[in-house]
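Q: Dropping the structure in here first, questions after.
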Amino acid sequence: MSAQTSPAEKGLNPGLMCQESYACSGTDEAVFECDECCSLQCLRCEEELHRQERLRNHERIRLKAGHVPYCDPCKGPNGHSPGVRQRAAVRCQTCKINLCLECQKRTHCGGNRRRHPITVYHVSKVLESLEGEEMDEETKRKKMTEKVVSFLLVDENEEIQVTNEEDFIRKLDCKPDQHLKVVSIFGNTGDGKSHTLNHTFFYGREVFKTSPAQESCTVGVWAAYDPVHKVAVIDTEGLLGATVNLSQRTRLLLKVLAISDLVIYRTHADRLHNDLFKFLGDASEAYLKHFTKELKATTARCGLDVPLSTLGPAVIIFHETVHTQLLGSDHLSEVPEKLIQDRFRKLGRFPEAFSSIHYKGTRTYNPPTDFSGLRRALEQQLENNTTRSPRHPGVIFKALKALSDRFSGEIPDDQMAHSSFFPDEYFTCSSLCLSCGVGCKNSMNHGKEGVPHEAKSRCRYSHQYDNRVYTCKACYERGKEVSVVPKTSASTDSPWMGLAKYAWSGYVIECPNCGVVYRSRQYWFGNQDPVDTVVRTEIVHVWPGTDGFLKDNNNAAQRFLDGMNFMAQSVSELSLGPTKAVTSWLTDQIAPAYWRPNSQILSCNKCATSFKDNDTKHHCRACGEGFCDSCSSKTRPVPERGWGPAPVRVCDNCYDSRNVQLDIAEAQVDDEGGTLIARKVGEAVQNTLGAVVTAIDIPLGLVKDAARPAYWVPDHEILHCHNCRKEFSIKLSKHHCRACGQGFCDECSHDRRAVPSRGWDHPVRVCFNCNKKPEKSNECFSSRAWTSIPIMTGKRLLCRILSSGGVYLQWPKKELKQHSS
């Protein structure tokens, strides 16, 4: 601010002398006027005074020709009407102060002061010139803000109402390459925050809505662009208002504070309340604890070359009183900012996140409120780029979007202990350990970045969740921590060979680095506990939404059933076509002479429904024509055709005419006798094969739940596909994903892959989603696998299944004997 005075500038104001007498003894001509020192200063005094740290940022102007100073009592801290800046009319040479006409009458009209010599300022022409310049500038600024409108930036549910950067710039109505800062305002509801912004930035225009009603006029966060100061102005919802989602709305305030360069805290109380200091102190702590890291990452992504320590906003406390003095008025030796710091310290709050805290007060004797002091303080802070530099509006939107994505989600108000304005629960993960109840220490939505849950304290063992995991002791001694999982067979064993070894030697513990390190029945006797020999134990947390401790890798029974189902399905699919062809030909060969051949039956003789390849054709034992199942579902004896007294299948027409005897020649009956015997034998064979199928299907259904691994969802709980949501029916089969254990239809679970973490070392059925996830071979699972479930060997189980119902199927048993031996 200091500069050498040119010879041309000397003598411009011969009647204005230095009023400080700090370095010149009051003999030098005044060159500067300091508004905050309330004095005219010569070049030397101005330079010496403002070297001091506390006076360095004072606002001062260089005097011009014909300059008329302001009245000192009017603008001083003890003035009768602060904020009303009157020009001085005279200067008292004895008191060395400038006085307007009103102050001269009040202070120098009686006593000895009326004899003090005075100098009269010739102000008429100067005032007209100054007022004309000020009017032109003010008119120009008002015109620039005529078209400014505000818009909803974030609603009360923390949802951003701007789609992208372009939409944000369009609603601000500024240039895309315009560098700007952000000014936001906070305070209690009803303290006039919107009114303050309208008069400070927009010359009284109602850019932000105001209302005399009891309800809050500002809901959510609103924004507008000030083209004069080139700032984005943000209006927020008031504190202490009657509102729902209080926790979410309070958290929203901190997001706005984090993206702001300058924060105004507006208070209309006659005395500064503790809520002000608690809010700013808690906001500072939460900012440093939760927002600094995220803002640093956003700054790096946006390419801002701004050091981390300068990211905190500056704060201006705007205090308006009516009946009480301003802060520091009764302690002239103390700066208001120092008193504010003392209040913070007494309350145990430390506003370390803010780059600076300033106090600007105004006392309103008669409305309207004077906002000129606040405007000058704001302009001075906006010109200071050492805290935060102006940036593109797109960067501002990215920062707000990043914070909204990170810190979002509902906060149950009934579970919050509101001892702080911004408790950790507003910003940390809400998941609690199911075993010990400790909360996750990571920030919200950390799962989107692949960061797992973490806790500050150790967990305790819970039998319900069985949260004990094991690591290979040999690898641990070599400096590695590798989790191991007890399972039925080693990864190098084939499915059937693994089952055989499991039946003989028990479960195995396999380390990816060391191989098989333990078998539960390796010796006839004296097998040691693996905890004492090959593994280490650790108690870990159980987090909601993770199924790592609801698993059992004893899947030998299910693997056996999978093999049975696969074999039966393969035989059924491969033999379906040939079986139909052979059955049709064989039926024609042993059919009675009066039966119509299958090759000639193309549709039902009654309903005319066409037969498809897999449809079954039925012959009426009375008339011999071909029918569908619904048109030939009745039975009655047909002795006239040689079928004896037992009821046999007939069509509906023949059943209705059962009292009418057919006139059949005796020779024809004799000819049909031999063929009827062959037909009866064929039906007996078919009935036997049907019993075999039933003997296989029924035991498989009975043992399926017993063989089901613990992490599989039970069949009776699966009503629809977990992916496509199709409801299951008789025609739509249920399939379990071997990775997640959920139920799927065949279309959503046709992929095959190995799932070693579940004990499936060979390709098995998995759902579409699990097939896309990478397999974690060292994932920790339940130690429930240490206790082997009793299970029959494959050979014994197969023999019991095949011998059910007194039916013995030789070929499948013979083939399976080779695999299970």
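The values are calculated or read from the model by the stated rules, or taken from the named source; none is laboratory data. Since this is a predicted model, take the numbers as computed values, not measurements. All Cβ positions, even for glycine, are placed from backbone atoms using ideal geometry, and neighbour counts span all protein chains on display. Only protein heavy atoms, including side chains, enter the accessible area calculation; ligands, DNA and RNA are left aside. Shrake-Rupley method; radii C 1.70, N 1.55, O 1.52, S 1.80 Å.
Q: Take the Cβ-Cβ distance between E379 and K456 as r, set R0 to 35 Å, and report the resulting FRET efficiency rounded to the nearest 0.05.
A: 0.15
Q: Another one. Sort the following peptides by mean Cβ neighbour count (other Cβ atoms within 10 Å, averaged over residues), highest first: 109-119, 224-234.
A: Highest-to-lowest ranking by the protection proxy: 224-234, 109-119.
Q: When only C-alpha pairs under 8 Å and at least 6 residues apart count, what is the relative contact order of region 208-248, in percent?
A: Reported as a whole number, the value is 32 percent.
Q: If you don't mind, another one. Please work out how much length the chain gains when fully extended from E206 to H323, using 0.36 nm per residue of separation minus the C-alpha to C-alpha distance, in nm with one decimal.
A: That works out to 39.3 nm of additional length.
Q: Hey, which of these cross-link pairs are over 27 Å Cα-Cα: K142/K175; K487/K734; K473/K773; K175/K360; K143/K181; K338/K441?
A: K473/K773; K175/K360; K338/K441
Q: OK, next. Which far-off residues, 5 or more places away or on another chain, put their amide H under 5 Å from the one on S603, with H placed in the peptide plane?
A: So S603 has HN proximity to F611.
Q: Take T635 and Q161, extend 7 Å from each Cα along the Cα→Cβ direction, and tell me the distance between the two endpoints in nm.
A: Each label point is offset 7 Å from its Cα along the Cβ direction, giving 7.6 nm.
Q: While we're here: Go through 26-38, 616-628 and give me the packing order, highest mean Cβ count within 10 Å leading.
A: Sorting 26-38, 616-628 by mean packing, highest first, produces 616-628, 26-38.
Q: In region 423-482, if every C-alpha pair distance is counted and binned at 5 Å from zero, what percent goes to each bin?
A: 4, 16, 17, 17, 18, 16, 8, 3, 1
Q: So who's got an amide H within less than 5 Å of the one on Y518, skipping anything under 5 residues away but keeping other chains? H placed 1.01 Å off N, in plane.
A: I509
Q: What percentage of all Cα-Cα pairs in region 607-655 are separated by more than 14 Å?
A: 46 percent
Q: Translational diffusion coefficient of region 210-272 at 10 °C, 1.306 mPa s, Stokes-Einstein with Kirkwood Rh over Cα pairs, in µm²/s as a whole number.
A: 117 µm²/s
Q: Can I ask one more? Roughly speaking, what is the stretch gain from N57 to R106, that is 0.36 nm per residue apart minus the C-alpha to C-alpha distance, in nm to one decimal?
A: Answer, rounded to one decimal: 14.3 nm.
Q: Take A269, project a point 7 Å from its Cα along the Cβ direction, then tell me which residues of region 193-207 have their backbone nitrogen under 19 Å from it.
A: Under cut-off, by backbone N: 193-194.
Q: I need to check one value: relative contact order of region 164-260, counting alpha carbon pairs closer than 8 Å and at least 6 residues apart, in percent.
A: 33 percent
Q: Please report the accessible area of D270 (heavy atoms, 1.4 Å probe, ligands and nucleic acids excluded) in Å², nearest 10.
A: Accessible area of D270: about 50 Å².
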